[in-house]
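The values are calculated or read from the model by the stated rules, or taken from the named source; none is laboratory data. Please read all numbers here as calculations on a predicted model, not as lab measurements. Glycine also receives a Cβ, built like all others from the backbone with ideal geometry; neighbour counts cover every protein chain displayed. SASA here: full protein model, heavy atoms, side chains in, ligands and nucleic acids out. Shrake-Rupley method; radii C 1.70, N 1.55, O 1.52, S 1.80 Å.
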Amino acid sequence: MAKPTETTPILEGNDAYNFVAQIENDSNDSAEEKQRVEKGASFIESLLTFVF
């Protein structure tokens, strides 16, 4: 039988800011990879435009 899972603690205050800053600075992606991801995101965004 599986053990019950615990909830993930919510980051607040400086801990939250530090976490976001660390995630933004720890990117090991190359310029080509970032460009590829941006192109894919732009394509998906273009598919999600709705005209009523």
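Out of the residues in the range 14-36 meeting the condition of being modelled with pLDDT under 90 and among the aliphatic types (A, V, I, L, M), tell me which one is most open to solvent (accessible area, probe 1.4 Å). My answer is 23.
Residue 11 satisfies every condition listed in (1) open to solvent by 100 Å² or more (accessible area, probe 1.4 Å); (2) in contact with a helix residue (DSSP H, G or I) (Cβ under 6 Å, 6 or more places away or on another chain) except (1).
Of the residues that sit in the range 37-52 and are in a loop (DSSP other than H, G, I, E, B) and of a type in the set (Val, Ile, Thr), which one is least open to solvent (accessible area, probe 1.4 Å)? Per the stated criteria, the residue is 49.
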